[in-house]
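**Q** Quick one: this structure, given as structure tokens, is what I'll be asking you about.
Just so it is clear, none of the values below were taken in a lab; they were calculated from the coordinates. Bear in mind the structure is a predicted one, so any value in this text is a computation, not a measurement.
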Amino acid sequence: MSSEEPTREDALALLREYNRSESLIRHALSVEAVMRHFARRRGEDEEKWAIVGLVHDLDYEQFPDQHCRKSEEILRRRRWPEEIIRAVVSHGWGICSEVEPRSELEKVLFAVDELTGLVATAALVRPSKSVLDLEAASVKKKWKDKRFAAGVDRSIIEKGAAMLGVDLTELITETIRGMRTAAGEIGLKGNVA
């Protein structure tokens, strides 16, 4: 691939080249949908934001100990645009990267990455097993139980909400709305009529 703008097909092919885990692919599709939703709400480039969401964890399955650093290497080798590379690396800020999220795109990615996992888990414990009838209040109720989705770092989500200047309820609501747009693709359509 040259330095021209990557397409969704490019991003999906690259994601599948480095990832076999269906749960990681569903996570990438969730973040893609949420990023597209936030871009639309903010009048930003939906395709670019969605592509960043798709490839943000590109290296995680094969190189978990080099997370973000290996993605940067892979994307540079393929001559992806600097803005996308920087956004991907910045989502690991304070965990596996020193690159602080600065742009709106980077801040949204940082805020919603962990949150999509919490929302997905909250949806799966519902009788409907669906994100389509999930509300922020249900997620917030689960939020307080640290054993629920224990792998989700709630402090990162809180830091991301603060960066964006939005309250937690709004961030959760908009993340749910974004995930609803891909409910079937991410396995969270459930049995809602």
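**Q** Cα centroids of segment 1-79 and segment 115-193: how far apart, whole angstrom?
**A** Cα centroid to Cα centroid, the span is 20 Å.
**Q** Which whole-number percent gives the relative contact order of segment 8-180, counting Cα pairs below 8 Å spaced six or more residues apart? Don't jump to the answer; show the numbers that get you there.
**A** Values: 240 pairs, mean separation 38.3, N = 173.
Relative contact order, segment 8-180: 22 percent.
**Q** Between Ala162 and Ala150, what length in nm is gained on full extension when 0.36 nm per residue of separation is reduced by their alpha carbon distance? If you can, show how the numbers build up before the last one.
**A** Values: separation 12, 0.36 × 12 = 4.32 nm, distance 2.16 nm.
In short, 2.2 nm is gained.
**Q** Same structure, new question: Whose amide H sits under 5 Å from the amide H of Asp153, counting only residues 5 or more places off or on another chain, with H placed in the peptide plane?
**A** Residues meeting the criterion, in which the H sits 1.01 Å from N, do not exist here.
**Q** I need the phi-derived Karplus couplings for segment 49-66: 6.51 cos²θ - 1.76 cosθ + 1.60, θ = phi - 60°, integer Hz, Gly and Pro marked x.
**A** Listing the rounded values in order: 4, 5, 5, 4, x, 5, 9, 4, 10, 2, 8, 5, 5, 8, 9, x, 6, 10 Hz.
**Q** Also, quick follow-up: Quickly estimate the mean residue ellipticity at 222 nm for the chain, helices only: each DSSP H run with n ≥ 4 gives -39500 (n - 2.57), and the total goes over all residues, rounded to 500. Present the calculation step by step, with values, prior to reporting the outcome.
**A** On the way: 9 runs with 113 residues, N = 193.
After summing the helix terms and dividing by residue count, I get -18500 deg cm²/dmol.
**Q** Let me ask something else about it. Would you kindly derive the ³J(HN,Hα) couplings of segment 9-16 from the backbone phi angles with the Karplus curve 6.51 cos²θ - 1.76 cosθ + 1.60 (θ = phi - 60°), listing them in order in whole Hz, with x for Gly and Pro?
**A** Couplings: 4, 4, 5, 5, 5, 5, 4, 6 Hz.
**Q** Can you run phi through the Karplus equation (6.51, -1.76, 1.60; θ = phi - 60°) for segment 172-179 and list ³J(HN,Hα) in whole Hz, with x for Gly and Pro?
**A** These are the phi-based 3J(HN,Hα) values: 5, 4, 5, 5, 4, 4, x, 5 Hz.
**Q** Springs between alpha-carbon atoms under 10 Å, Gaussian network over the chain: tell me which of Pro81, Pro127, Pro64 tops the mean-square fluctuations.
**A** Result for the chain, Cα springs under 10 Å: Pro127 fluctuates most.
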